[in-house]
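The values are calculated or read from the model by the stated rules, or taken from the named source; none is laboratory data. Remember, predicted model here, so these are calculated numbers, not experimental data. FYI the Cβ positions are ideal-geometry reconstructions off the backbone, even for glycines, and counts take in every protein chain you see. Ligands, DNA and RNA are excluded from the accessible area calculation, which covers all protein heavy atoms including side chains. Shrake-Rupley method; radii C 1.70, N 1.55, O 1.52, S 1.80 Å.
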Amino acid sequence: MRIFRGMVSAALLAGLVFSAGCETDHPKTAAASLPAQAKAPEIADPVAQPADPKPKVQPQVNNPKPDPAEALIAQAEKQYAAGQANYRADHLEAAKQDFDQAFNTLLSSNLDIRNDERLEREFDKIVEAVHELEMAALRQGDGFTEPRSEPAPIDEANDITFPVDPNVRATAEAEIKTTKSDLPLVLNDQVAMFINYYSSPRGRATLERAWARSGRYRDMVSRIFKEEGVPQDLIYLAQAESGFQPLALSRAGARGMWQFMAGSGALYGLERNWWVDDRQDPEKATRAAARHLKDLYNQFGDWYLAMAAYNSGASTVQHAVERTGYADFWELYRRGVLPQETRNYVPIILAETIMAKNPEQYGLQRVAPDPAPQMDQVTIDYPVDLRLVAECVDTSVNYLQELNPSLLRMTTPKDQSFALNLPAGSREKYQSAMTAIPPDMRTWWRYHHVEYGDTLASIAHKYHTSSSSIAEANGLTGGDVKVGSKLIIPVAPGRSNTETASYSRYATHYKVRKGDTLYSIADDFEVPVDKLRKWNHLRGTEVAPGRMLAIYKPLAGASPEEASSGSGSVPVRAARTGKSVSPPSSPAAAKYHKVKKGETLSSIAESNHTSVAALKRDNPKLAATLRAGEVLVIRK
């Protein structure tokens, strides 16, 4: 079952509480009184009892057998709860798998859902909840898509234990005496351990990548820190946390260059919704981090404690101070009252600060910092597809996404303004090209660069529109198109060039080259990125050079019955029999419909925009007469 991302309401979560028994129609009292405790029967002294010539037969105690329905419900609830936890942490692929497992646990068991009220109720809860996610995601545009992310480097540093090299420590101790910093710097075994780690081949690569990326943001961070009145060398907190990667995602769900959790980010004005996540906006997140660190310093009066609280939360550090009576990070470290990750956190930052302040000693002067991105910005109040924007300003979608890391979708937000970053010098070009596209068509229409061999008919076929529509939109009187010109492509709303695509039964194999990304490969072969990920079991956007990818090319003009989806999916379970059946060849994802009283195949087909024949094809064991409570597989 394909799951789409939506906003899970508190009411929905409350409705998914474990339910194992049948509920009555009477409301529950706020506090039910406990029954009186049963007393064990008194046993008379055996000496006082007359001997019984016949031995008494002890009554056989039958231990109740485990209820398989309750065990099944518990298993499904556990999987669904795991899905919710992954969903809230933005681990959407993992959430999708958990939700699928919860659904399939109930659907593929040997128990009859229809004849057990508890199972039926549990099934309804999970199906309806997931269906709401799916519908909300579909209304927003691109479904349950995993936001782009990169692993946060601090997670790797936290996992290591590295020996302290006496020579490294001695050198660092000598350097620290002459190192100028607006943060207090100390050198002890904990700090020296991480200096040794970042001097090793494994840690060195992480440090150099972060050092290079720092060039993109150093001036911006310095300006904001000066405006907010915080030490300039706190910039190395971001270097240690994220390596200056706006898409960094930690195992705990912290996001962005400054690794904000959703709750703390919201306290400092970082918006997070379906369309954007300001934690991934370098400038907004930097200002929020500066204010947060300043507030923590005002609370604790110590930058080490402020950094520790930034990592584990102010309440954790406050509790440790109150428990020990010491407002000193190293004393709290020695007493073991802070989480292990927090105990490592401050030494990691200090190690990177000492190394960055002495680049010649650690070879960092050989690493060229990346230049700061040069860009134009235009504030828009309408949704527009990034592919259309890229076509307007003659750049790639990948580069636009790099310039706009806070944007989670392929379209800009609806019903709110958005500051769209464009390549330097392209603002007027964008605004001029956009005036030719009706505002309500800017998420659907495209621009096409005419190449050698293109005809009006071939272009129309590629975008699933008509030659006459393209000719009308561009004022063309004949059938010829000029090579090098740019044509407006009026794609009908709700229909894209991949929506109804069918794919070859046989894979084409492509060896990844240096510089390739999933997006560039998908563009080259004209397939959706999510298909490419699914065919090759990939996550993220990067793929290693030399890897061989399987790609199922789109078939021009083929119906779903004439070609396979190329999805590589495993057999699904028939809803009523529990036996394995092969999935239909349509590339569309399955949804599930529970038959309601009075429904017919015709009414179900009509409400789900499919046909009776398709319902019968996808449900081969369907009885002649529908029964309320049956579950049908529906593929549009």
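With respect to being under 22 Å from GLU402 (Cα atoms), without any contact (Cβ under 8 Å) to a residue 60 or more places away in the chain and assigned to a helix (DSSP H, G or I), ILE224 falls outside the description. Each residue in segment 522-538 was checked for being within 19 Å of TYR463 (Cα to Cα) and at pLDDT 85 or above, and 0 pass. Exactly one condition in (1) surrounded by fewer than 23 Cβ atoms within 10 Å (Cβ to Cβ); (2) under 21 Å from MET375 (Cβ atoms); (3) of a type outside the set (Lys, Arg) is false for ASP233; which is it? Condition not satisfied by ASP233: (2).
Residue count for segment 390-446, restricted to those that are under 24 Å from GLU542 (Cβ atoms), part of a loop (DSSP other than H, G, I, E, B) and open to solvent by less than 20 Å² (accessible area, probe 1.4 Å): 4.
The single condition from (1) within 27 Å of ASN273 (Cα to Cα); (2) part of a loop (DSSP other than H, G, I, E, B); (3) in contact (Cβ under 8 Å) with a residue 12 or more places away in the chain; (4) open to solvent by 40 Å² or more (accessible area, probe 1.4 Å) that PRO369 fails is (1). How do the pairs read when you match residues in segment 161-172 that are under 16 Å from TYR362 (Cβ atoms) with residues anywhere that are part of a loop (DSSP other than H, G, I, E, B), using Cβ under 6 Å and keeping only pairs 6 or more apart or on different chains? Sorted first by the residue in segment 161-172, then by its partner, the pairs are ALA172/LEU187. Screening ILE348 with (1) in contact (Cβ under 8 Å) with a residue 60 or more places away in the chain; (2) open to solvent by 30 Å² or more (accessible area, probe 1.4 Å) gives one miss only, at (2).
Cβ separations smaller than 8 Å between residues 6+ apart or across chains give the following pairs from segment 176-195 residues that are touching a residue at least 60 places away in the same chain (Cβ under 8 Å) and within 22 Å of ARG343 (Cβ to Cβ) to residues that are of a type in the set (Lys, Arg) and assigned to a loop (DSSP other than H, G, I, E, B): SER181/LYS357. The test for being of a type in the set (Gly, Ala, Ser), within 27 Å of HIS461 (Cβ to Cβ) and at pLDDT 75 or above does not hold for ALA556. Annotation note: of ALA262, ALA238, ALA254, ALA248, the sole residue that is surrounded by fewer than 22 Cβ atoms within 10 Å (Cβ to Cβ) and among the hydrophobic types (A, V, I, L, M, F, W, C) is ALA262. Cβ-Cβ distances below 9 Å connect the following pairs, each with a first residue in segment 521-543 that is over 16 Å from LYS511 (Cα atoms) and open to solvent by 40 Å² or more (accessible area, probe 1.4 Å), a second residue that is modelled with pLDDT of 80 or more and of a type in the set (D, E, K, R), and a separation of six or more residues or different chains: GLU526/LYS462; ARG539/ARG533. Residues that are open to solvent by less than 10 Å² (accessible area, probe 1.4 Å) and either farther than 30 Å from PHE418 by Cα or not in a helix (DSSP H, G or I) (or both) within segment 275-312 comprise VAL276, ASP277, LEU296, LEU305, ALA306, MET307, ALA308, ALA309, listed in sequence order. Among the conditions (1) at pLDDT 70 or above; (2) in a helix (DSSP H, G or I); (3) open to solvent by 60 Å² or more (accessible area, probe 1.4 Å), GLN84 misses just one, which is (3). Looking at segment 314-329, which of the residues that are free of Cβ contacts under 8 Å to residues at least 12 places away in the same chain and not in a helix (DSSP H, G or I) is farthest from PHE260 (Cα to Cα)? Taking the candidates together, the pick is GLY325.
In summary, LEU364 fulfils each of the numbered conditions (1) open to solvent by 20 Å² or more (accessible area, probe 1.4 Å); (2) closer than 21 Å to GLN232 by Cα with the single exception of condition (1). Per this entry, VAL337 is not counted among residues that are over 18 Å from GLY229 (Cβ atoms) and buried (at least 20 other Cβ atoms within 10 Å of the Cβ). Of the candidates LEU332, LEU270, the single residue that is surrounded by 21 or more Cβ atoms within 10 Å (Cβ to Cβ), outside any helix (DSSP H, G or I) and either β-branched (Val, Ile, Thr) or without any contact (Cβ under 8 Å) to a residue 40 or more places away in the chain (or both) is LEU270. With the structure loaded, tell me whether VAL389 is β-branched (Val, Ile, Thr), farther than 30 Å from TYR198 by Cα and at pLDDT 95 or above or whether it fails that test. When the stated conditions are applied, VAL389 passes them.
Would you call ILE154 open to solvent by 30 Å² or more (accessible area, probe 1.4 Å) and either in contact (Cβ under 8 Å) with a residue 40 or more places away in the chain or under 30 Å from LEU408 (Cα atoms) (or both)? So ILE154 fails the test.
Does at least one position in segment 346-360 carry a residue that is farther than 28 Å from TRP211 by Cβ and more than 28 Å from the chain's Cα centre (by Cα)? No.
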